[in-house]
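Structure record follows, encoded as structure tokens.
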Amino acid sequence: MTQSVVVQVGQCGNQVGCRFWDLALREHAHVNKKGLYDEALSSFFRNVDSRKGDETACGVGGRILHLKARAVLVDMEEGVVNEILQGPLREVFDSTQLLTDVSGSGNNWAVGHMMYGSAYREQIVEKLRRAAEHCDCLQCFFLIHSMGGGTGSGLGTRVLSLLEEEFPEVCRIVTSIYPSVEDDVITSPYNSVLAMRELTEHADCVLPVENQSLVDIVSKIQHMSHGGKPGQTIKRDSSIISGQGGLSGAEKPFDAMNNIVANLLLNITSSARFEGSLNMDLNEIAMNLVPFPRLHYLVPSLTPLYTLADVSVPTRRLDQMFSDAFSKDHQLIRADPKHSLYLACALMVRGNVQVSDLRRNIERLRLSLPFVSWNQEGWKTGLCSVPPVGHSHSLLALANNTCVKPTFMELRERFTKLYRKKAHLHHYLHVEGMEQSCFSEAITSLSSLIEEYHHLDASKGRLMHDAPRLSICR
Amino acid sequence: MSVVTVQLGQCGNQVGQELFGVLRGDAEEGQRKTYRTASWERFFRQTAHGDVVARAVLIDMEPKVINHSMAKAATSGRWKYGDASHFSQKQGSGNNWANGYCVHGPRHREVVEELVRREVECCDRLAGLMAMMSVAGGTGSGVGTYVTQCLRDVYPKSFILNHLTWPYGTGEVIVQNYNSVLTLAHLYQLSDAILVHENDTVHRICSQLLNIKHISFSDVNRVIAHQLGSVLQPALTADSHGVYSRNPLGELVSTLACHPEYKLLSVCTIPQMPSSSIAYSTFSWPGLLKHLRQMLISNSKMEEGIDWQVRPPVGSERTRSLTGASFNTSLANLLILRGKDVFSADTGGFEDPALYTSWLSSKEALNLWKCPVPFNKYEKSATLVSNSQALLRPLDNMVGKAWNMFASRAYIHQYIKFGISEEDFLDSFTSLEQVIASYSQLC
């Protein structure tokens, strides 16, 4: 089995990360009845014997003594990380995994990326190295951050390029929270576009998540639980926004939304942690879903959002789960993949679902989903036998789809509105290492990315003839 | 003479484990002693402790499947794998042929060669090597191709048979067609003969002949094991002078793969039915052989849905086309009969020159092996190993899809990352188009 390291940067990154660790522990507690430190746990946790003083790590197979998360927490303010360290998850992290400063990045990408990036380069690399050394076989780095602020966006993308430099063979999967249109940070378009360039160049896969979609999903679930029809009560603790059963006590404001992202990460790693009849390794995700290096933005969707209290699960409901995965209400960005072009699609199923169910649903759905001509059978599937807590089965769909184009175009528009008037630019240009060309290069990168998606879109619906085959002379 | 098997990747290891189970079980069931001895000698050896160990080496880039296969073998109580005869790593090949062929293969070359060498040294005489793998993933295909290359270097005079499992057409892995094309093109230069099973075909056998409702990979693998076992178990051949052949791989290769451009072999076995029904069924050789012959010429891989309209062309009708007549021309055939009354079975239908190309006389093109011992509970069974156009359409589909994807250069960067260039892809495509052209023009 392989291990993964989570790197959480900035306020949002750390809050989401915190929810991830909480839910991960809950999930493992649910499954691991014997208290043994098994392969599944070791993919995200170390087992240390702190009695021995020097924290020697224990191998797989023994009893769980003291679990430590394989994580690096970075923030340029202390507030969030301190809260984590004072909360119930404090035992899971130790001080060597943390990197904090006091003054924050002021919502300025340049401060995060250039100033702190240079100042803390050595320390960051050292902490990453240490986390990597604790791993027997490190397969993947998960980076969690937001795009709109200064630390997550700026320093986070600096960390990303450090990961590429120092660990070029390790897969980099980035979960990026994109700001809503009504974001209260005025400079978020700048920060996002500057960060986008880094993501396009240095990440292996990006899972974009939009705040607005999370808000919509949360309100949909809450609407169901408060005003639902009779006979349709939601089973307790079964929604993807619920954090009940974890270590943390009362729910804080963004917890519901962050739980969704945490569940995304749990599902994507489920096949790497637990057994199944058709395993999907993390390196297989990049291999199968990224046909061209820059087009690595994979739209996630999670179903079901909640489990209804009545227990019976007829096949129709299972099929409904597959259909929902492609509806625009379940996507984690504001997009409609069904009406755009699919380049590739991965389905990770958890729970008691058979290969025959999977194949049947794919056959059923592929007729209504437009796939690019050279990848008509572009489906990658995985089956994990362990379902998430509170559900009997679940599905995560990752779509490499041109429906990200409108999101990027909107981002470009917001950027251009500000940039045209040179609003707030001086705050950025004051930072050492930052120049106007950074901006122009970033927007060029985004434009050419949009162009690539546009080019693919243009082929949609056109009857593409098979490429003429090589002919052999005899 | 003994065969050493190398099992590569998840598929190779799972199918291999089922195969040894079938071979062991078949020989044990109160059969004649000479048959049992020959089979055991061919595939198993005895350790100092008295354990019966398969002559096999298990290779995979991640440990789960090997552990599972070894455990499953040991629970049978009748045989097991050698305790040290396996090699695995922690992280798989990520469905990437280039990762398997360029990185993992060379990295672990010495260990693998050593393991094979140890197994070969335990053989009194080596009949040949068999490599079992799939073509869709990264390890079986990539590492498997590299290992075949090493075996060819280390044992230049031995026969090497590759058993390949081709994936479902609708795919489990998006890049399976690339992996398949690269594998087949390389193996064509290295292997003596390539024996193919297609998941789609075997799946149909499971659902329509064996009536299995929820088909799992174990079911599929067991059918493959049954068919492969019926080819590999001892038999009396034309050259073996009344005893069980001591050179099974050599005879198979020399009779069937008689031309370097024609190495693809397909298998079909008749009858195949749910084990609960076998006891209640009786078979006659004329009935079985008639069906099998029609299965051959109409290219039907199982005894249901056979197109009886297809007939061998008469003289001037012979056409050369890929999509034209549904008649399946053979280059050479190997018919293996096992069970009761084999010596009285009339195989004249297979000697019809109309079935074959004009290069070989039908006497040379048809080879017959017989064994009076029933195989795997079937009172009578017939297996046909065929070098014919049977695999032409699936091969053409596979190359066509891969070529379409290659035309857009999709996913190519993933392969280039590990050392395969566009040139290598083009070379592989060219080789396979050559193979396709050769087979289409058989008449």
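The values are calculated or read from the model by the stated rules, or taken from the named source; none is laboratory data. Note that the structure is predicted; figures quoted are calculated from it, not measured. No Cβ is skipped: glycine too gets one built from the backbone with ideal geometry, and neighbour counts run over all protein chains shown. These accessible areas exclude ligands, DNA and RNA; they are computed on the full protein's heavy atoms, side chains included. Shrake-Rupley method; radii C 1.70, N 1.55, O 1.52, S 1.80 Å.
So the values come out like this:
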| read-out | value |
| --- | --- |
| Tally, over region A:327-353, of residues that are surrounded by 17 or more Cβ atoms within 10 Å (Cβ to Cβ) and away from chain B (no Cβ under 14 Å) | 11 |
| Within region A:20-44, considering residues that are in a loop (DSSP other than H, G, I, E, B) and of a type in the set (G, A, S), the one modelled with the lowest pLDDT | A:G35 |
| Members of region B:368-379 found to be of a type outside the set (F, W, Y) and either part of a loop (DSSP other than H, G, I, E, B) or open to solvent by less than 30 Å² (accessible area, probe 1.4 Å) (or both), listed by number | B:C371, B:P372, B:V373, B:P374, B:N376, B:K377, B:E379 |
| In region A:271-301, residue surrounded by the fewest Cβ atoms within 10 Å (Cβ to Cβ) [restricted to those that are more than 11 Å from chain B (Cβ to nearest Cβ) and assigned to a helix (DSSP H, G or I)] | A:R273 |
| Test: B:K72 is on the phi < 0 side of the Ramachandran plot and out of contact with any helix residue (DSSP H, G or I) (no Cβ under 9 Å at 6 or more places or on another chain) | no |
| Filtered residue count, region B:236-265, keeping only those that are part of a helix (DSSP H, G or I) and without any contact (Cβ under 8 Å) to a residue 12 or more places away in the chain | 1 |
| Check on A:S445, open to solvent by 20 Å² or more (accessible area, probe 1.4 Å) and touching a residue at least 12 places away in the same chain (Cβ under 8 Å) | no |
| Exclusive hit being among the small types (G, A, S), within 13 Å of chain A (Cβ to nearest Cβ) and either more than 30 Å from B:S240 (Cβ to Cβ) or open to solvent by 20 Å² or more (accessible area, probe 1.4 Å) (or both), set B:S344, B:S440, B:S358 | B:S440 |
| Options B:K80, B:K72: the member that is free of Cβ contacts under 8 Å to residues at least 40 places away in the same chain and within 20 Å of B:R55 (Cα to Cα) | B:K80 |
| Residue match in region B:76-94 (condition: part of a helix (DSSP H, G or I) and surrounded by 15 or more Cβ atoms within 10 Å (Cβ to Cβ)) | no |
| Single residue of A:S368, A:S392, A:S373, A:S356 found to be under 17 Å from B:E172 (Cα atoms) and open to solvent by 40 Å² or more (accessible area, probe 1.4 Å) | A:S356 |
| Some residue of region B:408-424 being within 11 Å of chain A (Cβ to nearest Cβ), on the phi > 0 side of the Ramachandran plot and hydroxyl-bearing (S, T, Y) | yes |
| Condition broken by B:Q272, with the remaining ones in (1) open to solvent by 20 Å² or more (accessible area, probe 1.4 Å); (2) part of a loop (DSSP other than H, G, I, E, B); (3) modelled with pLDDT of 90 or more; (4) of a type outside the set (D, E, K, R) satisfied | (1) |
| Test: residue in region A:221-235 that is at pLDDT below 80, over 18 Å from the mean Cα position of the chain (by Cα) and of a type in the set (V, I, T) | yes |
| Subset of region B:358-367 [outside any strand (DSSP E or B) and in contact with a strand residue (DSSP E or B) (Cβ under 6 Å, 6 or more places away or on another chain)] | B:S362, B:A365 |
| Test: residue in region A:397-405 that is of a type in the set (K, R), within 24 Å of the chain's Cα centre (by Cα), more than 14 Å from every other protein chain (Cβ to nearest Cβ) and open to solvent by less than 40 Å² (accessible area, probe 1.4 Å) | yes |
| Per-region count, region B:95-110, residues open to solvent by less than 40 Å² (accessible area, probe 1.4 Å) and either part of a loop (DSSP other than H, G, I, E, B) or not β-branched (V, I, T) (or both) | 10 |
| Residue, nearest to A:S301 (Cα to Cα), within region A:133-190, restricted to residues that are aromatic (F, W, Y) and out of contact with any Leu (no Cβ under 6 Å at 6 or more places or on another chain) | A:Y178 |
| Where B:F350 falls short, out of the listed (1) away from chain A (no Cβ under 14 Å); (2) open to solvent by less than 10 Å² (accessible area, probe 1.4 Å); (3) under 17 Å from B:K263 (Cα atoms); (4) part of a helix (DSSP H, G or I) | (3) |
| Among (1) among the β-branched types (V, I, T); (2) within 14 Å of chain A (Cβ to nearest Cβ); (3) not in a loop (DSSP other than H, G, I, E, B) - the single one B:I212 does not satisfy | (3) |
| Enumeration of residues in region A:449-469 that are surrounded by 12 or more Cβ atoms within 10 Å (Cβ to Cβ) and assigned to a helix (DSSP H, G or I) | A:L449, A:I450, A:E452, A:Y453, A:H454, A:L456, A:D457 |
| Candidates B:N404, B:N397, B:N333, filtered to the one that is crowded, with 22+ Cβ neighbours inside 10 Å and either touching a helix residue (DSSP H, G or I) at 6+ places or on another chain (Cβ under 9 Å) or within 13 Å of chain A (Cβ to nearest Cβ) (or both) | B:N333 |
| Residue within region A:400-420 that is farther than 29 Å from A:M114 by Cα, of a type in the set (S, T, N, Q) and in a strand (DSSP E or B) present | yes |
| Region B:113-146: number of residues that are assigned to a helix (DSSP H, G or I), in contact (Cβ under 8 Å) with a residue 40 or more places away in the chain and open to solvent by 10 Å² or more (accessible area, probe 1.4 Å) | 5 |
| Selection within region A:83-109 - polar (S, T, N, Q) and loosely packed, with under 14 Cβ neighbours inside 10 Å | A:Q86, A:S95, A:T96, A:S103 |
| Some residue of region A:119-142 being away from chain B (no Cβ under 14 Å), open to solvent by less than 10 Å² (accessible area, probe 1.4 Å) and in contact with a Gly (Cβ under 7 Å, 6 or more places away or on another chain) | no |
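Conditions (1) among the small types (G, A, S); (2) within 30 Å of A:E284 (Cα to Cα); (3) modelled with pLDDT under 95, marked per residue:
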{"site": "A:T100", "(1), (2), (3)": "no, no, yes"}
{"site": "A:N107", "(1), (2), (3)": "no, no, yes"}
{"site": "A:M114", "(1), (2), (3)": "no, no, yes"}
{"site": "A:A119", "(1), (2), (3)": "yes, no, yes"}
{"site": "A:E133", "(1), (2), (3)": "no, yes, yes"}
{"site": "A:C137", "(1), (2), (3)": "no, yes, yes"}
{"site": "A:T151", "(1), (2), (3)": "no, no, yes"}
{"site": "A:L160", "(1), (2), (3)": "no, yes, no"}
{"site": "A:L163", "(1), (2), (3)": "no, yes, no"}
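Here's the yes/no breakdown for (1) out of contact with any Pro (no Cβ under 6 Å at 6 or more places or on another chain); (2) closer than 13 Å to A:L265 by Cα; (3) at pLDDT below 85:
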| site | (1), (2), (3) |
| --- | --- |
| A:Q11 | yes, no, no |
| A:C18 | yes, yes, no |
| A:R46 | yes, no, no |
| A:C58 | yes, no, yes |
